[in-house]
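Here's the structure, in C-alpha cells; my notes come after.
The values are calculated or read from the model by the stated rules, or taken from the named source; none is laboratory data. Everything quoted here is computed from the prediction, not taken from an experiment. Positions of Cβ are backbone-derived with ideal geometry, glycine not excepted, and every protein chain shown enters the neighbour counts.
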Amino acid sequence: MSDALPALGPLRGPVMLAAFEGWNDAGAAATQALVHLHEVWAAEQVDELDPEDYHDFQVNRPTIALADDGRREITWPTTAIAVASRPTSGDNVVLVHGIEPSMRWRRYCAELLDVADRLGVTTVVTLGALLADVPHTRPIPVTATSDDPQLQDRLGLDANTYEGPTGIVGVLQHEAQRRGMRSLSVWGAVPHYVAHPPSPKATLALLVRLEELLGEPVPLGDLTEDAEAWQHGVDELAAEDAEIAEYVAQLEEAKDTAELPEATGEAIAREFERYLRRRDRGPGSGPGGT
C-alpha cells in the first residue's frame, strides 16, 4: 500500500468502523454510536461471523422469540458486517457490530480483516468507551489515538501510549496495522457513577469526533435531546443525595482546573467551525458538504 497521503484532510476510501459489546463498551456508548450510523446511513448487512467458534453461549446466551409468522426463532450472538455509503463523499464505510468474543481472538480478528480486505478497506477505526472519574455535567472527554505517525500528523491524533490489559478493540487495531492497514482508536469516557446504559451523551460525543475524522456530517436525530434528558435525569438523582452532589462538584472543579490551559485560540476556532457546519445544514436538513 502506498504511503502517500495528503498532509491534512479527513479519512477517505473504504473505512471500517468497529465496536463491540462488553468490556470495551461502557454504558453501551460505542455500540450505540455504531447502531446510530447504521440507521442514518441505511447500511445493509453483507456478512456475519459464525458465533460457534468464538462465543461461550453460557456467557453470551442466545435468545428465543416469536417471529411474525408465529414460529419461535433463536437469535445467536454474532458479529454483523454491514456496508453503507457516506452521503457527502460517496465513499463506502464498513460497520462491524459484535460482542467481544470469549475465545480465539486472533482467528476472530483474522476473519474480520479478511472480510475487510475483500471490501477494500484501507483504514480500521475501533470505537470504545470506558468508565472514568469525569462529571456528567461537562463535555464527555473523547480521545483518538494511533500508532501510525502519518495518521497522527494528518488528523491531529495522540500517540497510543497505553500499557496494560486490552480488549478486542486493541487486538483488532494491532492486527490491522500488522496487515499494513491504517488503524486508529476512538474512546469516550463515561462517568463511572452513571455507568448503566444507555449513555446518549457519550454516544453523541463519539459521533461528533467521528464527524471530524471522516469529514462527514452525521444526522443526529433525537440524540441531542436524549443526551440533554439524560443529563437532567442524573442532575435530579444527584440533587437527592448530598454525598453524590458533593462528589460531582469535586469532579467539576478538577475537570475545570485541568482544562483551563486548553482554552486556546485553536480550540475555540475548532468549536466555531463545528457550529458553522451545523448552522449551514439548517434544522431538519440532511447531510451537507464540509
Is it the case that ALA67 is among the aliphatic types (A, V, I, L, M) and modelled with pLDDT under 95? yes
For ARG209: the one exception among (1) over 21 Å from THR31 (Cβ atoms); (2) surrounded by fewer than 20 Cβ atoms within 10 Å (Cβ to Cβ); (3) in contact (Cβ under 8 Å) with a residue 60 or more places away in the chain: (1)
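In segment 48-69, is there at least one residue being among the charged types (D, E, K, R) and in contact with a strand residue (DSSP E or B) (Cβ under 6 Å, 6 or more places away or on another chain)? Don't jump to the end; show me each part of the working.
If we filter segment 48-69 for residues that are among the charged types (D, E, K, R), which is where we start, we get 48, 50, 52-53, 56, 61, 68-69.
Now restrict to residues that are in contact with a strand residue (DSSP E or B) (Cβ under 6 Å, 6 or more places away or on another chain): 48.
Yes, segment 48-69 has at least one match.
Search segment 22-31 for residues being in contact with an Asp or Glu (Cβ under 9 Å, 6 or more places away or on another chain), crowded, with 20+ Cβ neighbours inside 10 Å and of a type outside the set (Val, Ile, Thr), and hand back the single one that is farthest from GLY170 (Cα to Cα). Working first, answer last.
Let us first name the residues in segment 22-31 that are in contact with an Asp or Glu (Cβ under 9 Å, 6 or more places away or on another chain), namely 22-25, 28, 30-31.
Okay, now just the ones that are also crowded, with 20+ Cβ neighbours inside 10 Å, so 24-25, 28, 30-31.
Now narrow it down to the ones that are of a type outside the set (Val, Ile, Thr): 24-25, 28, 30.
Values: ASN24: 9, ASP25: 13, ALA28: 17, ALA30: 14 Å.
Once the filter is applied, the top-ranked residue is ALA28.
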Is it true that THR290 is of a type in the set (S, T, N, Q) and modelled with pLDDT of 80 or more? no
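Kindly indicate whether PRO217 is within 16 Å of LEU127 (Cα to Cα) and in contact with an Asp or Glu (Cβ under 8 Å, 6 or more places away or on another chain).
For PRO217, the condition - within 16 Å of LEU127 (Cα to Cα) and in contact with an Asp or Glu (Cβ under 8 Å, 6 or more places away or on another chain) - is not met.
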Looking for something closer than 29 Å to LEU49 by Cα, without any contact (Cβ under 8 Å) to a residue 24 or more places away in the chain, part of a loop (DSSP other than H, G, I, E, B) and not basic (Lys, Arg) - is there at least one such residue anywhere in segment 131-153? no
Among (1) closer than 23 Å to VAL125 by Cβ; (2) touching a strand residue (DSSP E or B) at 6+ places or on another chain (Cβ under 6 Å); (3) surrounded by fewer than 16 Cβ atoms within 10 Å (Cβ to Cβ), the one test that GLY90 misses: (2)
Taking ALA189 as the residue in question, decide whether it is surrounded by fewer than 19 Cβ atoms within 10 Å (Cβ to Cβ), within 21 Å of ALA33 (Cα to Cα) and under 18 Å from the mean Cα position of the chain (by Cα). no
When restricted to ASP133, ASP158, the only residue among the acidic types (Asp, Glu) and over 30 Å from GLU246 (Cα atoms) is ASP158
If you go through segment 46-63 one residue at a time, how many are at pLDDT below 95 and either aromatic (Phe, Trp, Tyr) or under 25 Å from GLY215 (Cα atoms) (or both)? 2
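Has segment 62-78 got at least one residue that is buried (at least 16 other Cβ atoms within 10 Å of the Cβ) and either closer than 29 Å to LEU220 by Cβ or of a type in the set (Asp, Glu) (or both)?
Within segment 62-78, the subset buried (at least 16 other Cβ atoms within 10 Å of the Cβ) is 77-78.
Now restrict to residues that are either closer than 29 Å to LEU220 by Cβ or of a type in the set (Asp, Glu) (or both): 77-78.
The answer is yes; a qualifying residue exists.
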Would you check if there is a residue in segment 216-232 being among the aliphatic types (A, V, I, L, M), over 29 Å from LEU113 (Cα atoms) and at pLDDT below 90? no
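Search segment 212-229 for residues being in a helix (DSSP H, G or I) and touching a residue at least 60 places away in the same chain (Cβ under 8 Å), and hand back the single one that is farthest from the chain's Cα centre (by Cα).
The residue in question is LEU223.
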